[in-house]
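Here's the structure we're looking at; comments come further down.
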Amino acid sequence: MRVVVTGASSGIGRAIALACARRGDTVFASARRVESEHANIVAVPSDVTREDDRVRLIETAGEIDLLINNAGRGYYAAFRDIDVRELDALFQLNVVAPVRLTQLALPALERRRGIVVMMSSVAGVAASPKMGAYAASKFALEALAVALRAEVEDAGVSVVVVRPGPVDTPFRENSVTRGTDAGVRPPGARAQSAEAIAEYTLRAAARRSPVIETSAFVRVASFGARAVPPIFRAALRRMRG
């Protein structure tokens, strides 16, 4: 299997790339700074917000079986403190990049009856205080995934959405913050390992599952946001700090 993984220099992306390589896949690992850590990993240094880098990555990978759109960044700020220029940059990475990479890869994916993975978040269905900008990017990604899934199903291409909660990676340290700490972690939301998320992701891709939520916390938060919104809103008020 030929696999493209973005955001592969650390965290979830690195864990996925290594897991794929160990099972024998040829992995094209993309990040601004990335090194090959396995004989089956082809490092493709690239900035996925740049169109020429996106084209080069997909052309280098060739006949892709699995595209994992993992690259992304967090953003923590109260609504009044959101910098709209930073918001634009956030959407370029979290939304536009996976859209364009998928568009570029679709001809190969259709020939191979392949799989697209969109790395979302519990924030893709449940927005919390000071995470509005980040949640907006993940809400957008989820909407695009729903539309894409319906459009490519007849071509044999599957679209998988992965929703992690807190994960023990450098994600928070690499996030943009404005007047607040990075991250919101309610009681009971234990951080999962990057390796655990990689396992969930690859299992979901193998099963072609439309959505995978990686923990009980994510499932409860997702259910609460959609099924009992008054209770969820009351919980959010207690999280404002």
Inset, instruction - Could you pull out the residue among Val44, Val122 that is crowded, with 24+ Cβ neighbours inside 10 Å and hydrophobic (A, V, I, L, M, F, W, C)? - result: Val122
Inset, instruction - Could you please find all residues in the range 43-67 being farther than 17 Å from Val99 by Cβ and among the basic types (Lys, Arg)? - result: Arg56
Inset, instruction - For the range 72-91, state whether one or more residues are closer than 16 Å to Val162 by Cβ, under 14 Å from the mean Cα position of the chain (by Cα) and open to solvent by 20 Å² or more (accessible area, probe 1.4 Å). - result: yes
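Is one or more of the residues making up the range 64-86 among the aliphatic types (A, V, I, L, M), outside any strand (DSSP E or B), free of Cβ contacts under 8 Å to residues at least 12 places away in the same chain and out of contact with any Pro (no Cβ under 7 Å at 6 or more places or on another chain)? Before you say what the answer is, go through the steps one by one.
So in the range 64-86, the residues among the aliphatic types (A, V, I, L, M) come out as 64, 66-68, 71, 77-78, 82, 84.
Then keep just the ones that are outside any strand (DSSP E or B); that gives 64, 71, 78, 82, 84.
Cutting the leftovers down to free of Cβ contacts under 8 Å to residues at least 12 places away in the same chain gives us 84.
Next, only the ones that are out of contact with any Pro (no Cβ under 7 Å at 6 or more places or on another chain) stay: 84.
Checking the range 64-86: at least one residue is among the aliphatic types (A, V, I, L, M), outside any strand (DSSP E or B), free of Cβ contacts under 8 Å to residues at least 12 places away in the same chain and out of contact with any Pro (no Cβ under 7 Å at 6 or more places or on another chain).
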Inset, instruction - Find all pairs meeting these conditions: Cβ atoms under 6 angstrom apart; at least six residues apart or on different chains; first residue within the range 20-48 and assigned to a loop (DSSP other than H, G, I, E, B); second residue modelled with pLDDT of 95 or more and among the hydroxyl-bearing types (Ser, Thr, Tyr). - result: Asn40/Thr26; Ser46/Ser30; Val48/Thr6
Inset, instruction - Run Thr60 past the list (1) hydroxyl-bearing (Ser, Thr, Tyr); (2) surrounded by fewer than 18 Cβ atoms within 10 Å (Cβ to Cβ); (3) touching a helix residue (DSSP H, G or I) at 6+ places or on another chain (Cβ under 7 Å) and report the number of the one that doesn't hold. - result: (3)
Legend entry - Positions within the range 39-50 being farther than 15 Å from Ser10 by Cβ and over 19 Å from the mean Cα position of the chain (by Cα), in sequence order: Ala39, Asn40, Val42
Inset, instruction - Output the qualifying pairs, or none if there are none: Cβ atoms under 7 angstrom, residues six or more apart or on different chains, first residue in the range 167-179 and under 19 Å from Asp83 (Cα atoms), second residue of a type in the set (Phe, Trp, Tyr) and buried (at least 17 other Cβ atoms within 10 Å of the Cβ). - result: Ser175/Tyr75; Ser175/Tyr76; Val176/Tyr75; Thr177/Tyr76
Legend entry - Those residues of the range 3-38 which are at pLDDT 95 or above, open to solvent by 50 Å² or more (accessible area, probe 1.4 Å) and under 20 Å from Val162 (Cα atoms), in sequence order: Arg14
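The values are calculated or read from the model by the stated rules, or taken from the named source; none is laboratory data. Predicted, not measured: the structure shown is a model, and the values here were computed from it. When we count neighbours, we look across all protein chains shown, and the Cβ atoms used for this are built from the backbone with ideal geometry, even at glycine. Just the protein is used for accessible areas: all its heavy atoms, side chains included, with ligands, DNA and RNA removed. Shrake-Rupley method; radii C 1.70, N 1.55, O 1.52, S 1.80 Å.
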